[in-house]
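Written out below as structure tokens is the structure these notes cover.
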Amino acid sequence: MLALLLMAQAATSTLPMPAFLAGCWERRTGERWTEECWTGPRGGMMIGSGRTGKDDTISNWEYMRIERGADGAVTFYASPKGAPAVGFKATAATEKQITFVNPRHDYPQRVRYTRTATGIEAEVSLADGSTPMRWSYRSLGSPAGK
């Protein structure tokens, strides 16, 4: 049992940072929009921000970061509207997808990003994948270009 636990820990500590997220991403439906911007991975950290609104009014915003800890684990931290950050540990990652989970959080418990041919797909849900909310983003370029 200890060997399996150590293997699982070693696997999560070697997961790649999600470099595919770097840049600015937008979803637009009529007057409503949602956007996320992410720095590239440097020094074991990516910094992100997100906001949602209609026309020129912001209804929600969030600070985010993805960080490789001293133990090698990759963790997504979310701070909606400046609230204390909540951590979600990466459980699976490839060059085009990463999944973060925190089963003790109320909602969401799982955060998943996937690079597609046309942009980024983001999904939040309960840990088992139920009650999902999804966003399809297209690229807006780099944060410096805004």
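The values are calculated or read from the model by the stated rules, or taken from the named source; none is laboratory data. These figures come from a predicted structure and were not determined experimentally. Cβ: placed from backbone, ideal geometry, glycine included. Neighbour counts: every protein chain shown.
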Note: among Ala85, Ala11, just one is surrounded by 11 or more Cβ atoms within 10 Å (Cβ to Cβ), of a type in the set (A, V, I, L, M) and at pLDDT 95 or above, namely Ala85
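Does the range 33-56 hold any residues that are assigned to a strand (DSSP E or B) and either in contact with a Leu (Cβ under 7 Å, 6 or more places away or on another chain) or of a type in the set (D, E, K, R) (or both), and which are they?
To start, the set of residues in the range 33-56 that are assigned to a strand (DSSP E or B) comprises 33-38, 42, 45-54.
Of everything in the range 33-56, those that are assigned to a strand (DSSP E or B) and either in contact with a Leu (Cβ under 7 Å, 6 or more places away or on another chain) or of a type in the set (D, E, K, R) (or both) turn out to be Glu35, Glu36, Trp38, Arg42, Met46, Arg51, Lys54.
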Would the range 41-48 turn up any residue that is farther than 19 Å from Pro132 by Cβ, surrounded by 13 or more Cβ atoms within 10 Å (Cβ to Cβ), within 12 Å of the chain's Cα centre (by Cα) and of a type outside the set (Gly, Ala, Ser)? yes
Residues of the range 66-96 being touching a residue at least 60 places away in the same chain (Cβ under 8 Å) and outside any loop (DSSP other than H, G, I, E, B), which ones? Val74, Lys89, Ala90, Thr91, Ala92, Ala93
